[in-house]
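**Student:** Just passing along the structure, written as structure tokens.
The values are calculated or read from the model by the stated rules, or taken from the named source; none is laboratory data. Quick caveat: nothing in here was measured; it's all calculated off a predicted structure. Here the Cβ positions follow ideal geometry from the backbone for every residue, glycine too, while neighbour counts run over all protein chains shown.
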Amino acid sequence: MNPALEKNMRNPVGSRREFLQRSGGGLGAIALASLLGKNNLLGGSSTQSRSPLAPKHSHFAPRAKRVIYLFMHGGPSHVDLFDPKPDLIKYSGQSLPESFGQVMTRRKVAQNPLLAPLKPFHQHGQSGLSISEFLPHMGTVADQLCVIKSCHGDSVNHPQSVYQMNTGSILMGRPSLGSWVAYGLGSENQNMPGFVVLTQPGGGIKGGPPAWGSGYLPATFQGTTMRPGPKPILNLHPQASITADRQVATLGLINQLNDQHLKARDYGDELSARINAYELAFKMQSAAPDLVDINQESKATKSLYGIGEPETDEFGTRCLMARRLVEKGVRFVQLYSGDTVGWDAHEDVYKNHSLYCRRTDKPVAGLITDLKQRGLLDDTLVIWGGEFGRMPMSEQGKGRDHNPWGYSVLFAGGGTKGGLSYGQTDAIGLRAAVNKVHVHDLHATILHLIGLDHEQLTYFHNGREERLTDVSGYVVKDILS
């Protein structure tokens, strides 16, 4: 008999100890492999083999493949644009009826009289959707719009509400919606980022870049900003003296050295993101110049977006850029209308909204029309909305204060019902009242449309599985086509 086997038969305790020791090591190895795989740290020696933006499978068949989010920064007035209230006209100039109770705002109790809508509403399209005269062009695409009138959030302040609409939390530092989508699905175009942000020229937004940041997700998934103007991406072309072969050889050597450096530092997140950013920048040198060149578009297409017209040229150019980006495989594109003030109409709603509606109305309608004509609207989700709405009461005579308790957000395409008005605010547009939709519900629905289960899309951080919708949120199934 084998001596070792004979020893084990005589000493069963020792053999059990050895068995448990070996089994424990094996289970530990399995757990380690799972953790490394979750963080994309398994595979070959090349950083490219661990590309976090590689396409990934959705949880189920998606209705939309891509998202364009048009963010109206500052808080557009729902009662002046999409949510007509006859009682607001009836009681205009009077104090808030006692039946609505006291309304707490940043300025304590609101005591200003009610203010009627600044322009009349009209029904549009076969659906008869009500849209204000502020937005005549969006009226022409009414049958493509799904207007959710019962949205509500948790803060009356701009930065916190901007964060919540973008990240699900009023606190700074959580991953943005676009980052979650890029994390969950990767990019369809490995030569371009999965999440691109087109900002307004002349200033940032209240809350700043954390609104499109990656938070605790790997830094690779944060939004890549493109500059406004004729050169949205700087330094796309290498120096004339550097040939393509020389650049490839140089970057190949740098990649090898980076990989060694990365391994020696336990695959640190910031270092990994920097290496991935350099690799992506090299790929963008070949893909991006053609993509951002809107001179390839026809005169009719440019006219559709209002390009060449003084008031609509800038936003129209960015809307057209968004279409070109999603057409080439960018998963999530976000556009901001409004700088640090934007749609924040405290002093004069008519003056403020006249300006911003003229700048955005035609480009937004043009984008929806163009996507539909190209057969892209069915699987492209377009979102229109701000961080909150505005009060039915007046402020400083002709303005309106912030209102997070009831406001409107619009969807178009991407598996949503067109020509639909969903939910209601109360009789004067103050609070969400029927079929209420919290920000978490909006996010759950957006993720669902793109094929992601908001409860399954998680990331382990600080001892718990974190998600965009925290511990709440439901999919608004009634708006799905």
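For (1) crowded, with 23+ Cβ neighbours inside 10 Å; (2) in a helix (DSSP H, G or I), each residue gets a yes or a no:
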| position | (1), (2) |
| --- | --- |
| R318 | yes, yes |
| L335 | yes, no |
| V341 | no, no |
| C357 | yes, yes |
| A365 | yes, yes |
| I368 | yes, yes |
| V382 | yes, no |
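**Student:** Among the residues of segment 384-400, how many are crowded, with 22+ Cβ neighbours inside 10 Å, in a loop (DSSP other than H, G, I, E, B), over 17 Å from the mean Cα position of the chain (by Cα) and of a type outside the set (A, V, I, L, M)?
**Tutor:** Selection size over segment 384-400: 2.
**Student:** Residues being more than 25 Å from Q222 (Cβ to Cβ) and touching a residue at least 24 places away in the same chain (Cβ under 8 Å): count how many of those fall in segment 310-340.
**Tutor:** Here is the first cut: in segment 310-340, the ones more than 25 Å from Q222 (Cβ to Cβ) are 310-313, 316.
Filter again for touching a residue at least 24 places away in the same chain (Cβ under 8 Å), leaving 311-312, 316.
So the answer is 3.
**Student:** Could we say that G415 is within 21 Å of L177 (Cα to Cα), of a type in the set (G, A, S) and either in contact (Cβ under 8 Å) with a residue 60 or more places away in the chain or outside the structural domain of F82 (by TED's automatic domain parsing) (or both) here?
**Tutor:** Values: within 21 Å of L177 (Cα to Cα): yes; of a type in the set (G, A, S): yes; either in contact (Cβ under 8 Å) with a residue 60 or more places away in the chain or outside the structural domain of F82 (by TED's automatic domain parsing) (or both): yes.
Judged against the criteria, G415 is a match.
**Student:** From G406, G423, grab the single residue that is over 21 Å from the mean Cα position of the chain (by Cα) and small (G, A, S). Walk me through it before giving the result.
**Tutor:** Values: G406 fails: over 21 Å from the mean Cα position of the chain (by Cα).
Exactly one residue qualifies, and that residue is G423.
**Student:** Which one of these does Q247 not meet: (1) closer than 26 Å to Q373 by Cβ; (2) at pLDDT 65 or above; (3) in a helix (DSSP H, G or I)?
**Tutor:** Every listed condition holds for Q247 apart from (1).
**Student:** Would you be able to say whether some residue in segment 431-439 is free of Cβ contacts under 8 Å to residues at least 60 places away in the same chain and either surrounded by 19 or more Cβ atoms within 10 Å (Cβ to Cβ) or outside any strand (DSSP E or B) (or both)? Full working, then the answer.
**Tutor:** Residues of segment 431-439 that are free of Cβ contacts under 8 Å to residues at least 60 places away in the same chain, as a first pass: none.
The answer is no; no qualifying residue exists.
For (1) part of a helix (DSSP H, G or I); (2) closer than 23 Å to R66 by Cβ, each residue gets a yes or a no:
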| site | (1), (2) |
| --- | --- |
| K149 | no, no |
| S179 | yes, yes |
| Q190 | no, yes |
| P201 | no, no |
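For every residue, the table says whether it meets (1) crowded, with 17+ Cβ neighbours inside 10 Å; (2) farther than 17 Å from R66 by Cα; (3) among the hydrophobic types (A, V, I, L, M, F, W, C); (4) touching a residue at least 24 places away in the same chain (Cβ under 8 Å).
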residue: L442; (1), (2), (3), (4): yes, no, yes, yes
residue: H461; (1), (2), (3), (4): no, yes, no, yes
residue: L468; (1), (2), (3), (4): yes, yes, yes, yes
residue: L480; (1), (2), (3), (4): no, no, yes, yes
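**Student:** Out of (1) modelled with pLDDT of 55 or more; (2) not in a helix (DSSP H, G or I), what's the single condition that is false for D87?
**Tutor:** Going through the list (1) modelled with pLDDT of 55 or more; (2) not in a helix (DSSP H, G or I), D87 breaks only (2).
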